[in-house]
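Please treat every number below as a calculation from the coordinates, not as lab data. Fair warning: this is a prediction, and the values are worked out from it, not measured in the lab. Note that each Cβ is placed from the backbone with ideal geometry, even for glycine, and that neighbours are counted across all protein chains shown.
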Amino acid sequence: MSGFESAIGPFFDWLSANPAWAGAVIGLIAFLESLALVGLLVPGAVLMLMAGAIVGASNLPLLPILLWAMAGAIAGDGLSYWLGRHFRDRLRSFPVIRHYPGAITQAEQLFYRHGGKSVVIGRFVGPVRPVIPAVVGMLGMPPGRFLLANVGSAIAWAPAYLLPGVVFGASIMLAMEVMGRLMAWLVIAVGAFLLLRWLLPRLDRPLRLAGNRLARAVGREPPRGLQWAWLRPPHAALRSLRHREGWLWWLALLLVPVTWIEAMLHPGPQDWERGLLALAHAERTALVQEAAWRVTQLGGMIPVTLATLALAAVLFWREQHRRAGLVLAAVGLAQGLAYLGKAWLATPRPLGLTEGLDFAGAFPSAHAAGIAALVTAWVVILPLRERYTRWLVVLLGSLLVLTVALSRWVLGVHWPLDLIGGLALGITLGALPGVLLVQGQLARRQSLAVLVSAVVLTVAAGLTETLNWPDHRGAYPGRSQVAEVSIEAWQGPVEAVSEQRLGLLGFEERFAAHWFDPDSGLAALSGDWQRARRWGWRGFLRWLSPQPSGARLPVLPRFHDGRRAEQVFLKLIPESRDRWVLRAWRGAQTPDGPIWLLQLEYEEIRGGVLLPRLDRRFAGRDEVRELLSAAAKKSELIRIESAGVPRYSPGALPQGGTSP
């Protein structure tokens, strides 16, 4: 180990004792390792390996650590790019750079040979890694193109440099056991990436070639004459198939009738919509709700309308009268049709929200339609000729639109189909300024109009948020709570206690039993059952083990009503890898304690090529009786048979009840 690495040993000892600082420290290491002037002196690969080992040994959540590393790498390369772009050839005279002339030369050769790909390649090549961003900035690489390469390579770089240390730190013996399979999965992942990189252009090329042929067939110019004016919109739409954005617009156009027909034929929510919305209700904390409510203001009717008026006003001021009118028509139609659909279809919202005065019908989402139409109008009127800049604008616009749409799902006021229908409607109509104007009418210097519109949208959304009007926060539902029932109600049919599990994609199997023990809850199960292992990095690695067993593998998660099982137990099968898995959710709350919903599943575990094989089945009634009888007897519970789910409850044996 070098003197520098020995000197930082005490620092890593401190980090091991204070793992909460791991994310910030790893982000700083990634930043310094990527910085042009410092990265030449910092042994980044070694530091990242050591930091990853601390993460693995401390069993810290990996995702925040990876995000810190990605952010540090992006910031370091971004600053290096700015230094190169600002100082140009003067960068060669910097004291640190002057001592490494070979690195500059190699970076220049790499850039001349591979162009923009050199940023991605250089991220993983030791000698040029810290200087390639500065060199591409010095040589004039466009900022948008560099940003895409910088972010994309950082997303791959962070796990590549951290995961080996995490695996090593989690457990040396376990790491050695699974190393072969881990490497196999890494090879598969790299191979899949290379295959997609080879395949996607070969799929995209025929589509765009077909679009070009169709564009030539319909002609460069639309039919002239007033009698042929109705052919100009389809002419422009067909010529748009030459570009990827054109195919996206046609996809949105196809989704409009599909979603509207689905909403008319099935006015109620589908099972998969119930499952996904239940996840939002269950995971919506006060902080998440506050953030989602602030974001959703960007799609409100007042901010979108004011931003559209501002966009049209600037276009009109620049004597682009027709384009200004089309912008007003596009966003106005999107919002108008959305509210018309709400009134016509009257699709009920979640949790009966349409019964009050604050919410209209659910389908389609006016927030999604309005913001999608406005942002699509921004994109089609911007003069974007450079390919990477165009795709960067499309990407940022898509993130804004999707974030606003998803905020409606997070807040629990829209079904997923409402959002899809609203987005499709907004994108289709928002493209009218581009579809209805021929190429020769494209306006110049429209960036100012889009900038003013974006500022007005942000300010207006901030005002509606500050005034808490007209979209006041108190109208939105809070986090879902477990229903409360009385002891008397528990003795009869209780609708609040579910009999069927609601997974993320809809209703699944019936529960094995309802369990109500006011004295000890599920404690009686601890005699015959053992607690399942918690998920963590060691648990993840055990799934890669070539010798899986029921005792070692963590249990795969299952959801009910948006919640993961609160308690999970195992019963191992002697002289076998197999096991019974018992999952328990709180189904309702009584004054004397919770009513638990139990699911029993048998897992037959077999070794596989890269992952264990699981053959699973749910327990039958006789198996449920046998598996729970000991715990029921210990808690002095009786089994109450019913046409639905059997119940385990204390008290005198009621009519229809049986002994455990």
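Structural remarks
- Peptides ranked, highest mean first, by Cβ atoms within 10 Å: ranges 468-476, 452-460: 452-460, 468-476
- Sites listed here are trypsin sites (Lys or Arg not before Pro) in the stretch 250-350 whose DSSP assignment is loop and whose Cβ has at most 16 other Cβ atoms within 10 Å: R318.
- Phi angles across the stretch 70-80 convert, under the Karplus curve 6.51 cos²θ - 1.76 cosθ + 1.60 with θ = phi - 60°, into 3J(HN,Hα) values of 4, 4, x, 5, 5, 5, x, 5, x, 5, 4 Hz, Gly and Pro given as x.
- Sequence-separation-based contact order of the stretch 238-357, relative, with Cα cut under 8 Å and 6+ spacing, percent: 25 percent
- Judged by the mean number of other Cβ atoms found within 10 Å, the most tightly packed of the peptides 589-599, 615-625 leads the ranking 589-599, 615-625.
- Only lysines eight or more places from K634 in sequence, or on another chain, were considered; those with a Cα closer than 23 Å are K571.
- Ranked by the mean number of other Cβ atoms within 10 Å of their residues, highest first, the peptides 67-74, 363-370 fall in the order 363-370, 67-74.
- Rounded to the nearest 20 debye, dipole of the stretch 484-546 from Cβ charges on Lys, Arg, Asp, Glu: 740 debye
- About its Cα centre, the dipole of the stretch 525-654 is roughly 540 debye, where the only charges are +1 on Lys and Arg Cβ and -1 on Asp and Glu Cβ.
- The alpha-carbon of K633 sits under 17 angstrom from the alpha-carbons of these aspartates and glutamates, leaving out residues fewer than 8 places away in its chain: D517, D519, D528, D622, E623, E641.
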